[in-house]
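**Q** Mind having a look at this structure? Questions to follow.
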């Protein structure tokens, strides 16, 4: 009965590779988000989707491409991975303007 | 855009003491202020939130106060316990459209037994 789930939990890969992270929520929320948490624990919004439409796209390299096949899923594809992409990536969901619920995070390590 | 400043960055207290974490925000249109707790290796989880139509909210040992004039809000934890040790994040959000949360940089709280 997990509310917001992400896969994989851990991802270790080489520089230059392409990888995807998947997120699913069963809360019936309309809005989903991707956050990046760096080594200093700072939580930074990357993208936000409402009902499959991109509504927030912060200053993120275009190597990062979100995709929302339906309002319960928001995936993140990363091309040509770089060392600086190493971080924890959190997916979250909410109704518009209220509490966000976070997934368990995906720990990405780029070697 | 919104800017949220959070202090202190680290806070060490003895078990049973109170802990206070303070945040300021820049956008007077912000009206929703949640606090999240993130234990080591876990996801951020909402512990309490407040909207701009109230000045204080309490839930057992946790309380949040809001001063709209000063654009300042605080988290108060009383009778701290070792399991309160975590990183705490404040955040602010505007009511309009699809605005998202702007987070503070976090406070690492360590409660020593």
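**Q** Could you tell me which residue of the range A:79-105 is modelled with the lowest pLDDT, considering only residues that are more than 8 Å from chain B (Cβ to nearest Cβ) and more than 24 Å from residue A:61 (Cα to Cα)?
**A** Selected residue: A:95.
**Q** If I ask for residues that are within 13 Å of residue B:19 (Cα to Cα) and part of a loop (DSSP other than H, G, I, E, B), which ones from the range B:73-96 would you list?
**A** Result: B:78, B:79, B:80, B:81, B:85.
Rundown of residues vs (1) touching a strand residue (DSSP E or B) at 6+ places or on another chain (Cβ under 9 Å); (2) surrounded by fewer than 19 Cβ atoms within 10 Å (Cβ to Cβ), yes/no style:
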position: A:29; (1), (2): yes, no
position: A:42; (1), (2): yes, yes
position: A:55; (1), (2): yes, yes
position: A:58; (1), (2): yes, yes
position: A:70; (1), (2): no, yes
position: A:87; (1), (2): yes, no
position: A:99; (1), (2): yes, yes
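**Q** Can you say whether residue A:101 is more than 12 Å from the chain's Cα centre (by Cα) and touching a residue at least 12 places away in the same chain (Cβ under 8 Å), as far as the supplied structure shows?
**A** Spelling it out, residue A:101 is indeed more than 12 Å from the chain's Cα centre (by Cα) and touching a residue at least 12 places away in the same chain (Cβ under 8 Å).
**Q** Restricting to the range B:30-55, give me the number of residues that are exposed (fewer than 13 other Cβ atoms within 10 Å of the Cβ) and farther than 25 Å from residue A:89 by Cβ.
**A** So the answer is 3.
**Q** What strands (runs of 3 or more DSSP E), lying completely within the range B:1-72, carry at least 1 residues that are in contact (Cβ under 8 Å) with a residue 24 or more places away in the chain and within 13 Å of chain A (Cβ to nearest Cβ)?
**A** B:4-7, B:10-14, B:32-38, B:45-51
The values are calculated or read from the model by the stated rules, or taken from the named source; none is laboratory data. Here the structure is a predicted model, which is why all the values come from computation and not from measurement. All Cβ positions, glycine included, derive from the backbone under ideal geometry; neighbour counts span all protein chains shown.
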